[in-house]
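Q: After the structure tokens below, expect a handful of questions from me.
The values are calculated or read from the model by the stated rules, or taken from the named source; none is laboratory data. What you see is a predicted model, and the numbers here were worked out from it, not measured in a lab. Don't worry about glycine lacking a Cβ; one is built from the backbone with ideal geometry, like all the others, and counts go over all protein chains shown.
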């Protein structure tokens with residue numbers, strides 16, 4: 001790993017010598033970029049991110065601070081990940097709903113937003129145009145075809161909601177009054193009208 005700076009000279013990050021970093025991208029201080037990854041022009045990566053091996057970050061992609069991208073993930077144009085997002089190994093984004101090899105749809109990318117603190121498990125697929133809510137948890141191998149609510153736990157193909165997760169990544173069990181405690185943090189959560197909030 002070597003210490004690098006973006007053209008503005010204000011941001012120090014580390015990158016393996018095999019990584020390819022195009023001109024015109026923004027990379028925040030403390031970010032680490034590992035073997036054989038490619039950061040493309042006009043992408044924006046926040047502070048203290050970890051970009052694993054063999055990752056592609058396409059043009060106009062935005063990653064917030066403290067985003068963890070595991071190995072073999074391609075983040076295509078149209079994807080926005082807010083702070084503290086976790087992208088598991090080999091998970092997949094799409095950015096066109098009806099791709100054809102012979103039809104150029106580069107001006108028709110559909111936006112996908114992964115909100116703060118969400119986790120997407122290994123080998124999951126996120127169909128473009130959907131929003132993954134804050135602290136939502138997408139199980140490994142799931143295929144997301146619709147929006148995922150804040151704190152929701154979804155699994156399967158197509159992904160369906162089977163419960164709720166705390167910000168620490170533990171299943172929440174709500175009592176008859178719509179109250180739950182995180183087993184690790186002790187933080188309290190409420191479930192009212194199908195929406196979870198932290199107290």
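Q: For the stretch 82-199, which strands (runs of 3 or more DSSP E) that fit wholly inside it have 3 or more residues that are closer than 24 Å to residue 70 by Cβ, modelled with pLDDT of 95 or more and over 14 Å from the mean Cα position of the chain (by Cα)?
A: 152-155, 160-164
Q: I need the full set of residues from the stretch 174-192 which are free of Cβ contacts under 8 Å to residues at least 12 places away in the same chain and surrounded by fewer than 12 Cβ atoms within 10 Å (Cβ to Cβ), in order please.
A: Once the filter is applied, which keeps residues that are free of Cβ contacts under 8 Å to residues at least 12 places away in the same chain and surrounded by fewer than 12 Cβ atoms within 10 Å (Cβ to Cβ), the stretch 174-192 yields 175, 176, 177, 186.
Q: I've got another one for you. For the stretch 65-74, give me each residue that is under 9 Å from the mean Cα position of the chain (by Cα) and surrounded by 21 or more Cβ atoms within 10 Å (Cβ to Cβ).
A: Looking only at the stretch 65-74, we keep the residues that are under 9 Å from the mean Cα position of the chain (by Cα), and these are 67-69.
Scanning the stretch 65-74 gives 67, 69.
Q: State which residue pairs qualify: first residue assigned to a loop (DSSP other than H, G, I, E, B) and inside the stretch 19-33, second residue modelled with pLDDT under 95 and surrounded by fewer than 19 Cβ atoms within 10 Å (Cβ to Cβ) in any location, beta carbons under 6 Å apart, and separation of 6 or more residues or different chains.
A: If the second residue must be modelled with pLDDT under 95 and surrounded by fewer than 19 Cβ atoms within 10 Å (Cβ to Cβ), the pairs left are 28/11; 29/11; 29/12.
Q: Of everything in the stretch 116-133, what is more than 21 Å from residue 98 (Cα to Cα) and in contact (Cβ under 8 Å) with a residue 40 or more places away in the chain? Give them in sequence order.
A: 116, 117, 119, 122
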